[in-house]
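Below: the structure, in structure tokens.
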Amino acid sequence: MTRVFSGVKPTGHLTLGNYLGAMRQWAAVDQHQADALFCVVDLHALTVAHDPARVRRLSRQSASLLLAAGLDPRLCTVFVQSHVDEHARLSYLLECVASDGEMRRMIQYREKSALERGRGGSVRLSLLTYPVLMAADILAYATDEVPVGDDQSQHVELTRDLAVRFNQRYGQTFVVPRVTHPKVAARVMNLQDPASKMGKSDDAGPGIVYLLDEPDVVRRKVMRAVTDSGREVVYDREGRPGVANLLEVLAACTGGVPEELAAGYRSYGDLKRDVAEAVVEVLRPVQERHRALCADPGYVEDVLRDGAERARGMARPVVDAAYRAIGL
Ligand code: ADP
């Protein structure tokens, strides 16, 4: 059976981008067709300035939202990265096959480190080595497929390079994974700035729809989305990124095709109203399940404890084999 691994970082509240770009496929497809692991990657939340209590709170909330999005612990493994030591153990070995040059070329590192320096802060070394830890997350489980939003493609490519290099140097140890993306909305853009993705770190941004936003908040954010001064609704990612983003979100929520949906609208206002209602409907069941889970915190604890135990059992033999292969 195909082994699938993916994760979410508890650096902020999960967004519509996380849901449409990744989580929804995990629940609808991956957990049914594959031996799938889904991880709250809390170690990755420490790569930028962080508040310990907030990281702990967001880790728990992210796990609840994964379950609320439809992940079923009878079908897949849901766990927290720091509960399984194998991630950090393997990461060090992979640091010994990665080069500092290839780390510095990662787009996300260049963007985030520039931001940190711009704020006058120092850049944590872990921000540079983050993709190596991500490679360890994936390779430790002999993963075949990594279903992620399109923003993570470069990191999965690096994971493949490291796996191939390790195997060539030290003998066949790792499965070389493939990346997969959803067909539409693989990259949901910020409603106020369609040139940048809808990312969760920028908390309370008016261009970001959070999974737990109340219906009226969703409506307000969508109605205020930046478009352009044109009037005709056409799907053009380059020339009309704001409208294209709304059409993609609508397509992802209703199962349509962006180009065909565009033909049905005469004004941006009508389009926005339908997008807002479609998003509210998509989020409704997730929010209902989340409320039920909040009333039963012991259940989430149990799921995470069992998940970590299962994950440990899968990762340990792979990581032990890597230690032997590299000469330890
Ligand atoms: P973030 O960038 O929000 O911190 P994570 O690193 O936690 O996201 O990613 C969780 C999953 O959500 C990944 O598969 C990522 O590719 C996907 N994802 C994140 N933001 C978006 C977006 N705006 N559009 C589509 N997918 C996204």
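Things worth noting here:
- Calculated log₁₀ intensity ratio I(q)/I(0) where the Debye formula runs over C-alpha points of segment 178-295, q = 0.10, 0.16 Å⁻¹: -0.29, -0.74
- Alpha-carbon gyration tensor eigenvalues x 5, square-rooted, for the chain, Å: 34, 22, 19
- On the beta carbon distance between A53 and R220, with R0 = 25 Å, the FRET formula returns roughly 0.25.
- Note on L125 and Y323: the extension gain reaches 68.9 nm, defined as 0.36 nm multiplied by sequence separation minus the Cα-Cα distance.
- Residue range of the chain that is longest and free of GluC sites (Glu not before Pro) which are both DSSP loop and sparsely packed (at most 15 other C-beta within 10 Å): 1-231
- Extension reserve of the A114-N167 stretch, reckoned as 0.36 nm per residue once the Cα distance is removed: 15.7 nm
- Considering only Cα atoms, the convex hull volume of segment 43-115 works out to 143 Å³ per residue.
- Mean projected area of the convex hull spanned by the Cα atoms of segment 201-243, taken over all viewing directions: 4.0 nm².
- Loop-located trypsin sites (Lys or Arg not before Pro) across segment 234-328 with a Cβ neighbour count of 12 or fewer within 10 Å are R266, with loop assigned by DSSP.
- Long-range lysine pairs (8 or more apart or interchain), the chain, Cα under 17 Å: 9
- Straightening the chain between D228 and Q33 buys 66.1 nm, computed as 0.36 nm per residue apart minus the Cα-Cα spacing.
Bear in mind these aren't lab numbers, they're just calculated from the coordinates by the rules spelled out. As the structure is a prediction and not an experimental result, all values here were calculated from the model. For neighbour counting, all protein chains shown are included, and Cβ atoms are generated from backbone atoms with ideal geometry for every residue, glycine included.
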